[in-house]
1. For the stretch A:27-41, enumerate the residues that are under 13 Å from residue A:8 (Cα atoms) and surrounded by 15 or more Cβ atoms within 10 Å (Cβ to Cβ).
2. I'd like the full set of residues that are closer than 15 Å to residue A:68 by Cα, outside any helix (DSSP H, G or I) and within 14 Å of chain B (Cβ to nearest Cβ), limited to the stretch A:1-35.
3. Just need a number here: residues in the stretch B:11-23 that are in a strand (DSSP E or B) and under 18 Å from residue B:202 (Cβ atoms).
4. Name the residues in the stretch B:132-152 that are on the phi < 0 side of the Ramachandran plot and either buried (at least 18 other Cβ atoms within 10 Å of the Cβ) or within 14 Å of chain A (Cβ to nearest Cβ) (or both), would you?
5. So in the stretch A:42-82, with the set limited to residues that are out of contact with any helix residue (DSSP H, G or I) (no Cβ under 9 Å at 6 or more places or on another chain) and within 14 Å of another protein chain (Cβ to nearest Cβ), which one is farthest from residue A:15 (Cα to Cα)?
6. The conditions are (1) within 12 Å of chain A (Cβ to nearest Cβ); (2) touching a residue at least 40 places away in the same chain (Cβ under 8 Å); (3) surrounded by fewer than 22 Cβ atoms within 10 Å (Cβ to Cβ), and residue B:30 fails exactly one of them. Which is it?
7. Looking at the structure I just gave you, is residue B:126 within 14 Å of chain A (Cβ to nearest Cβ) and modelled with pLDDT of 95 or more?
8. Checking residue B:90 against (1) free of Cβ contacts under 8 Å to residues at least 60 places away in the same chain; (2) within 30 Å of residue B:188 (Cβ to Cβ); (3) away from chain A (no Cβ under 14 Å), which test does it fail?
């Protein structure tokens, strides 16, 4: 799990063009939206593309997105479970 | 009512000037990203959204930033701003990136953050967001820089009392070739308000041609 979390941090930084942010700056449990990394709605769509492109996972119900993309750890848990 | 050009910026490969003075030179760059990123960092704006923009928006954003920082913002009613820009390549630079991402059915992963920039007037939106500008805007496409068309359009907006001030000019980018003239136009009365306030060049197609040379 920890290995996947570190990999995801790098992928999120690259996919979302988070300049000046390094993997060490992202806490695995911190919220990605709102007070966390301050991501917006377009970033949310990019994260959906990331899961599909890199892990072959399609989110069927958009309502699940809020839970899945809460933090890097919840993303990692979703990938592991599916 | 007569109007003046109170500041302008010019960005061409390797060079950035403001009001005719050199602001930045880098003759050794290869890509646009390599050219604009160090300069943006030097501006120290603390605006991370810049890195998410497409190249055309980055170009217009920096050009507008350089022009607007020359003048006293408090003099403006930001709800009565005009932005009238033009270029040759529209958003083709980004359109091609998007097209590439959907050209292979087995690798069909269009990027939402690329797709949102597949219109040139999104650049105007980025400038408006940054400076909280509202009012009239237009993006025109022409084969080459046409000062007369821009002048007439901006003049109409002033004559119909739709705007108090206007950013206008040419912001073109395709691959790593780029060409910008961004100017700020405002009524003489603002200049006469007693504030120290930038240049006082007459706003005309002839002046625009001179600045574009």
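The values are calculated or read from the model by the stated rules, or taken from the named source; none is laboratory data. Because the structure is a prediction, the values reported are computed rather than measured. Cβ: placed from backbone, ideal geometry, glycine included. Neighbour counts: every protein chain shown.
1. Across the stretch A:27-41, the qualifying residues are A:28, A:32.
2. Selection gives nothing.
3. 0
4. B:133, B:137, B:139, B:145, B:147, B:150, B:151
5. In this case the residue turns out to be A:56.
6. Single failed check for residue B:30: (1).
7. Against the criterion (within 14 Å of chain A (Cβ to nearest Cβ) and modelled with pLDDT of 95 or more), residue B:126 qualifies.
8. Single failed check for residue B:90: (2).
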